[in-house]
Number of protein chains: 2
Amino acid sequence: MIFYDCSTAPNPRRARMFIAEKGLGIETREISIAKGEQLSESFRAVNPRATVPVLVTDGGIVLTENLAIAAFLEARFPEPPLMGRTPDEKGLVLMWNAIVEQQGGAPIGEALRNSHPAFKDRAIPGPSNHTQIPELAQRGRKRVTSFFEMLETRLTESPFIAGDVFSLADISTFVFVDFARVIKMRIPENNTASLEWFQAIQSRPSANL
Amino acid sequence: MIFYDCSTAPNPRRARMFIAEKGLGIETREISIAKGEQLSESFRAVNPRATVPVLVTDGGIVLTENLAIAAFLEARFPEPPLMGRTPDEKGLVLMWNAIVEQQGGAPIGEALRNSHPAFKDRAIPGPSNHTQIPELAQRGRKRVTSFFEMLETRLTESPFIAGDVFSLADISTFVFVDFARVIKMRIPENNTASLEWFQAIQSRPSANL
């Protein structure tokens, strides 16, 4: 297998943490988004959609998209389960993963990509250019504030995002929350349940790769 | 189990098709988005995020989000498989499902919700109001054009979206393509592979509920 990673971007980090939590060592190639390597001809021969992460499976299948990589690895290497054991748990993990993608990952990405000069004309990842929409950056910041509130409510009632055990949903949430530093937003200091959860996840070896 | 549906909206339709393809009959309650019933106190007691679809499982768990409902049903009622049999297939189904959500579902939704008067201040589903951003509607239409191109390329090389068999990815794609009529966009008439695929899916009983 080959894993195409990028050490500075949140989506590859989610896959990197998932691989580490599975205890797997996979041959890894770094694609520098800062240098625009994801748009190079050689990388687009691997993934025409010009995004990282990518996992080439042992069957030679090219998987882009975090959820695809997670679903493959969960089926291929079931232990430890990171996407739920029972049907209810499997549903809850993907539910919370979708919620934090929509309410956290998306607005953080929108706030960054529609305001920072480094993303001029790169408001959406992938091969096509899109101009920045400043209103979308503003809306993004407002939604991230709501995301932190939602997270505090959830973590006051549940030890982990999707329930009683660590899962893919914690990986996604942790990576988004940590990445929000790029738009200078952090868990508010009174959100004690969120801060405790964040520290616990941060202390896992998979969070420090 | 109880399924909260809305006959006019694309996301509940995806869950409705998935349930039908599994051959299941689940007690269904209609939530009219036109009447704003998703924002009612009684529905928000079920789903505080005020979105449909929702599935209350036989274990009493409340699942919102299409992918959560699909993952639960796939684990609980494995036959016929709609999310892949092998690890590679499972990865490919979720990969294509994510691609068509991002490149089709999202821009169609953005084009509609940021332009149509019925969605004034309702640019994002859920309990919070968000003003429309006209530039996002324009960008959405442009991206839907690219989505139809991408789809034609894919369906020229593969009989179904995620490979050789019908899957969740076909359900999502079919519902998005059909829903694009609300922004007056359709598969271009020269895209013969896409049109053939669309007709094949449309002839399934699950597409006519």
What distance in nm lies between label points placed 7 Å from Cα along the C-beta direction at A:ARG29 and A:SER7? 1.8 nm
What pairs in A:LYS120/B:LYS120; B:LYS120/B:LYS184; A:LYS35/A:LYS184 have C-alpha atoms more than 25 Å from each other? A:LYS120/B:LYS120
Would you rank A:THR57, A:THR51 by solvent-accessible area, highest first, keeping every protein chain in place and using a 1.4 Å probe? A:THR51, A:THR57
Suppose the chain between A:ALA200 and A:SER40 were pulled fully straight at 0.36 nm per residue; how much longer would it get relative to their current alpha carbon spacing? 53.8 nm
Backbone N under 11 Å from the A:ASP58 label point (7 Å along Cα→Cβ), restricted to the range A:1-32: A:1
Can you list the HN-Hα couplings for the range A:66-82, worked out from phi with the Karplus curve (6.51, -1.76, 1.60; θ = phi - 60°), rounded to whole Hz and with x for Gly and Pro? 3, 5, 5, 5, 5, 5, 4, 5, 5, 6, 7, 10, x, 10, x, x, 10
Which distances, in nm and shortest first, link the B:GLU30 label point to the same label point in every other copy, taking 7 Å along Cα→Cβ? 5.8
The range A:1-101: D in µm²/s via Stokes-Einstein (Kirkwood Rh, Cα pairs, 25 °C, 0.890 mPa s)? 173 µm²/s
How much solvent-accessible surface does A:ARG49 expose, in Å² to the nearest 10, with a 1.4 Å probe and all protein chains in place? 50 Å²
How many angstrom separate the Cα center of the range B:189-209 from the Cα center of the range A:76-148? 31 Å
Counting only heavy atoms of protein chains, what accessible area per residue, in Å², does chain B have with a probe of 1.4 Å? 44 Å²
In Å and whole numbers, how far do the C-alpha atoms of chain B stretch along each principal axis, longest first? 48, 43, 28
Ordering B:93-100, B:159-166 by per-residue average of other C-beta atoms within 10 angstrom, highest first, gives B:93-100, B:159-166
Sequence-distant or interchain residues sharing an amide H contact under 5 Å with A:THR28, placed H: which? A:PHE3
7 Å along Cα→Cβ, label-point gaps from A:ASN190 to other copies, nm, shortest first: 6.1
Quick one: what are the phi-derived ³J(HN,Hα) couplings along the range B:198-209, Karplus 6.51/-1.76/1.60 with θ = phi - 60°, whole Hz, x for glycine and proline? 4, 5, 5, 5, 4, 7, 6, x, 5, 7, 10, 9
Take every residue in peptide B:124-130, count the Cβ atoms of other chains within 10 Å of its Cβ, and give the average of those counts. 3
Largest to smallest accessible area among B:ASP170, A:ASP178 [probe 1.4 Å]: A:ASP178, B:ASP170
Where does chain A land at 222 nm, in deg cm²/dmol rounded to the nearest 500, when only DSSP H runs of n ≥ 4 count, each adding -39500 (n - 2.57), divided by all residues? -14500 deg cm²/dmol
What residues does the range A:68-97 have that are buried by at least 30 Å² of accessible area in the full protein assembly compared to the chain on its own, 1.4 angstrom probe? A:ALA68, A:ALA71, A:PHE72, A:ALA75, A:PRO87, A:ASP88, A:LYS90, A:GLY91, A:LEU92, A:LEU94, A:MET95
Within the accessible area of the range A:2-76, what % is carbon and sulfur when the probe is 1.4 Å and the other protein chains stay in place? 51 percent
Excluding ligands, DNA and RNA, what is the accessible area buried between chains B and A, summed over both sides, using a 1.4 Å probe, to the nearest 100 Å²? 3200 Å²
Residue order for A:THR28, A:THR173 - accessible surface, 1.4 angstrom probe, largest first: A:THR28, A:THR173
Kindly provide the Kirkwood hydrodynamic radius of the protein assembly as shown in Å, to one decimal, from all pairs of distinct alpha carbon atoms. 21.8 Å
Could you work out the local net charge near A:VAL165, counting Lys and Arg as +1, Asp and Glu as -1, over the other residues with Cβ closer than 11 Å to its Cβ? -2
Could you give each residue of the range A:138-152 its phi-based ³J(HN,Hα) in whole Hz, using Karplus coefficients 6.51, -1.76, 1.60 with θ = phi - 60°, and x for Gly or Pro? 4, 4, x, 4, 5, 5, 5, 4, 5, 4, 4, 5, 4, 4, 5
With Cβ to Cβ distances under 13 Å as the rule, what net charge do the other residues near B:VAL182 carry (K, R +1; D, E -1)? +4
Share of the range B:87-204's accessible area from carbon and sulfur, percent, 1.4 Å? 51 percent
Where only C-alpha atoms are counted, convex hull volume of the range B:87-204 per residue in Å³: 111 Å³
Under 5 Å between amide H atoms, partner at least 5 residues away or on a different chain: which partners does B:VAL54 have, H built in plane at 1.01 Å? B:TYR4
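The values are calculated or read from the model by the stated rules, or taken from the named source; none is laboratory data. Quick caveat, the model's predicted, so the values are computed rather than measured. When we count neighbours, we look across all protein chains shown, and the Cβ atoms used for this are built from the backbone with ideal geometry, even at glycine. Just so you know, the surface numbers come from the protein's heavy atoms only, side chains and all, with ligands and any DNA or RNA stripped out. Shrake-Rupley method; radii C 1.70, N 1.55, O 1.52, S 1.80 Å.
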